[in-house]
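**Q** Here it is, the structure, as structure tokens.
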Amino acid sequence: MPFYDQLQALAGEQIQKKSRQKTHSDVKKALSHAGKGTPDDLMALLSPAAEKELETMARVSRELTLKRFGKTISLYIPLYLSNECVNSCVYCGFNHHNKMQRAVLTPRQTEEEAKQIRAMGFGHILMVTGEHPQKAGLSYLRKALHQLTRHFPLVSMEVQPLDTSEYQTLAREGLNTVYIYQETYHRGHYRHYHPAGPKADFTYRLETPERLGKAGIHKAGLGVLLGLEDWRTDSFLTGMHLRYLQKHYWRTQYSVSFPRLRPFAGNYPPNHPVSDRQLIQLITAYRLFDENVELALSTRESARFRDHAFQLGITSMSAGSSTQPGGYSNQKDQLEQFEVADNRLPAQIVAMLVNKGYEAVWKNWDGILQGGGMR
Ligand code: SF4
């Protein structure tokens, strides 16, 4: 059954009700399956009943992560190539209706940004754009990718959803990973957050990770925008999506991110705020559900939170991020998507990791083994 049909059968209200019915013994049972959880286990770990077991969840999640990944954290940095966007996502600073300076980096500007970023030590770069098929469509992305693979052993992408054949084209150019967040699995409310533009098409977005699997992209990143809807329900459905994809596209690797709504010009307050404690519950629930999945935490979160949370299940972190096109070589505050909460330099983040006994991994060996090394 396609995941879309499965989702239709998983009514959000029923998930909330079942989550509230989970008991302490359900949580204990889920802990006994740590690393290889069932859907029922994930629901228990995300439930209110699990709040009392948070210390245990954190300890077991940390142990599992150390066993599987060692004391390492992969570092990456976003490169915003464009803030042009035809969509109207109500929570985003790049919203088409938001009056702001717009920019699409030229090849020369992209080169400048790449050199600045390479000088910081990064081997993994994340290409980011708004959605603008005319100004930053496949042809633009392909050229930028071609340019960036000359500087970086691993290039990933967070842009508009594309067709399978387009992903195949980009995979041939060296694209390794695509992050595509569903924002919310609540189909009825999705339209409210995405009232116009191509992103209003819930189903096309939902099916994007499947197209990535078909296209042979190495890794697909999933997630929801925390704060839009009930986080327990949306996170449970993310887990079900992950399981579906792992079953049908088992050659693909997967990653889950935990973006929480951040302030931007025009502010959109969270409808369902997620506390720090709840975010820790969510991160550790995912690790207990799946011992192998990459869990990523970005600079949307504060230094204080990241310094604590990364030790409890996270395997990948961004560092030194700017969310504006050209932000590494030419700072202009009017172009940014959202405020970055952890403003530390990459070297400061590395020092923090080393201080806690961790090693910062600048290069992703998956990408190097796949692509045959630096181009
Ligand atoms: S979230 Fe993405 S698609 Fe939506 S307005 Fe922002 S940049 Fe555009």
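The values are calculated or read from the model by the stated rules, or taken from the named source; none is laboratory data. Owing to the predicted nature of the structure, the values given are computational and were not obtained by experimental measurement. Because the Cβ atoms are built from the backbone with ideal geometry, glycine has one as well, and the counts that use them run over all protein chains shown. What goes into the accessible areas is simple: the full protein's heavy atoms, side chains included, and nothing from ligands, DNA or RNA. Shrake-Rupley method; radii C 1.70, N 1.55, O 1.52, S 1.80 Å.
**Q** Filter the stretch 117-149 for residues that are surrounded by 17 or more Cβ atoms within 10 Å (Cβ to Cβ) and in contact with a Phe, Trp or Tyr (Cβ under 8 Å, 6 or more places away or on another chain) and give the result.
**A** Those that are surrounded by 17 or more Cβ atoms within 10 Å (Cβ to Cβ) and in contact with a Phe, Trp or Tyr (Cβ under 8 Å, 6 or more places away or on another chain): Ile117, Phe122, Gly123, His124, Ile125, Leu126, Val128, Thr129, Gly130.
**Q** Among the listed residues Pro273, Pro259, which satisfies the condition of being open to solvent by 40 Å² or more (accessible area, probe 1.4 Å) and under 13 Å from Leu225 (Cβ atoms)?
**A** Values: Pro259 fails: open to solvent by 40 Å² or more (accessible area, probe 1.4 Å).
Sole residue among the options that is open to solvent by 40 Å² or more (accessible area, probe 1.4 Å) and under 13 Å from Leu225 (Cβ atoms): Pro273.
**Q** Before we move on, is Leu212 farther than 21 Å from Met157 by Cβ and surrounded by 21 or more Cβ atoms within 10 Å (Cβ to Cβ)?
**A** Details: farther than 21 Å from Met157 by Cβ: no; surrounded by 21 or more Cβ atoms within 10 Å (Cβ to Cβ): yes.
When the stated conditions are applied, Leu212 does not pass them.
**Q** Further, regarding this structure: Just need a number here: residues in the stretch 36-61 that are over 19 Å from Ser255 (Cβ atoms) and open to solvent by 70 Å² or more (accessible area, probe 1.4 Å).
**A** Result for the stretch 36-61: 5.
**Q** Of all residues in the stretch 319-359, count the ones that are modelled with pLDDT of 95 or more, among the charged types (D, E, K, R) and open to solvent by less than 70 Å² (accessible area, probe 1.4 Å).
**A** So the count comes out to 0.
**Q** Considering each residue of the stretch 28-49, count those that are closer than 18 Å to Leu312 by Cα and more than 24 Å from the chain's Cα centre (by Cα), and give that number. Please lay out each step first, then the result.
**A** Residues of the stretch 28-49 closer than 18 Å to Leu312 by Cα: 30-37, 42, 45-46.
Imposing the further condition that a residue be more than 24 Å from the chain's Cα centre (by Cα) reduces the set to 30-33.
Result for the stretch 28-49: 4.
**Q** Follow-up question, since we're still on this one. If a residue has to be in a strand (DSSP E or B) and open to solvent by 10 Å² or more (accessible area, probe 1.4 Å) to count, how many in the stretch 154-174 make the cut? Give the derivation first.
**A** Looking only at the stretch 154-174, we keep the residues that are in a strand (DSSP E or B), and these are 154-158.
This time we only want the ones that are open to solvent by 10 Å² or more (accessible area, probe 1.4 Å), so: 158.
Adding up the residues that qualify gives 1.
**Q** Go through (1) open to solvent by 10 Å² or more (accessible area, probe 1.4 Å); (2) within 11 Å of the ligand (Cβ to nearest atom); (3) over 26 Å from Lys363 (Cβ atoms) and name the single condition Asn83 misses.
**A** Here Asn83 clears every test but (1).
**Q** If you don't mind, there's one more thing I want to ask. Scan the stretch 152-180 residue by residue and report those that are within 13 Å of the ligand (Cβ to nearest atom) and touching a His at 6+ places or on another chain (Cβ under 9 Å).
**A** Gln160
To keep it simple, each residue is scored yes or no on (1) in contact (Cβ under 8 Å) with a residue 12 or more places away in the chain; (2) not polar (S, T, N, Q).
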{"residue": "Arg191", "(1), (2)": "no, yes"}
{"residue": "Pro195", "(1), (2)": "yes, yes"}
{"residue": "Lys199", "(1), (2)": "yes, yes"}
{"residue": "Glu210", "(1), (2)": "yes, yes"}
{"residue": "Gly223", "(1), (2)": "yes, yes"}
{"residue": "Glu229", "(1), (2)": "yes, yes"}
{"residue": "Ser235", "(1), (2)": "yes, no"}
{"residue": "Thr238", "(1), (2)": "yes, no"}
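**Q** Same structure, new question: Considering each residue of the stretch 92-110, count those that are away from the ligand (no atom under 16 Å from the Cβ) and surrounded by 16 or more Cβ atoms within 10 Å (Cβ to Cβ), and give that number. Break it down stepwise before answering.
**A** Within the stretch 92-110, the first condition is being away from the ligand (no atom under 16 Å from the Cβ), and the residues that meet it are 106-110.
This time we only want the ones that are surrounded by 16 or more Cβ atoms within 10 Å (Cβ to Cβ), so: 109-110.
Total meeting the criteria: 2.
**Q** Could you identify the single residue in Leu145, Leu141, Leu126 that is part of a helix (DSSP H, G or I) and closer than 25 Å to Phe202 by Cβ? Explain how you work it out, then say what you get.
**A** Working: Leu145 fails: closer than 25 Å to Phe202 by Cβ; Leu126 fails: part of a helix (DSSP H, G or I).
Just a single option satisfies the conditions, and that option is Leu141.
**Q** Right, here's the next one. Within the stretch 177-199, how many residues turn out to be among the aliphatic types (A, V, I, L, M) and buried (at least 17 other Cβ atoms within 10 Å of the Cβ)? Lay out the reasoning, then the answer.
**A** The first filter runs over the stretch 177-199 and keeps only residues among the aliphatic types (A, V, I, L, M), leaving 178, 180, 196.
Now drop any that are not buried (at least 17 other Cβ atoms within 10 Å of the Cβ), which leaves 178, 180.
Here the count works out to 2.
**Q** Can you tell me how many residues within the stretch 181-205 are away from the ligand (no atom under 12 Å from the Cβ) and either closer than 19 Å to Gly93 by Cβ or of a type in the set (Val, Ile, Thr) (or both)?
**A** Result for the stretch 181-205: 3.
**Q** Check Ala114 against each of (1) open to solvent by less than 10 Å² (accessible area, probe 1.4 Å); (2) under 26 Å from Leu312 (Cβ atoms) and name the one condition it does not meet.
**A** It fails just one condition, (2).
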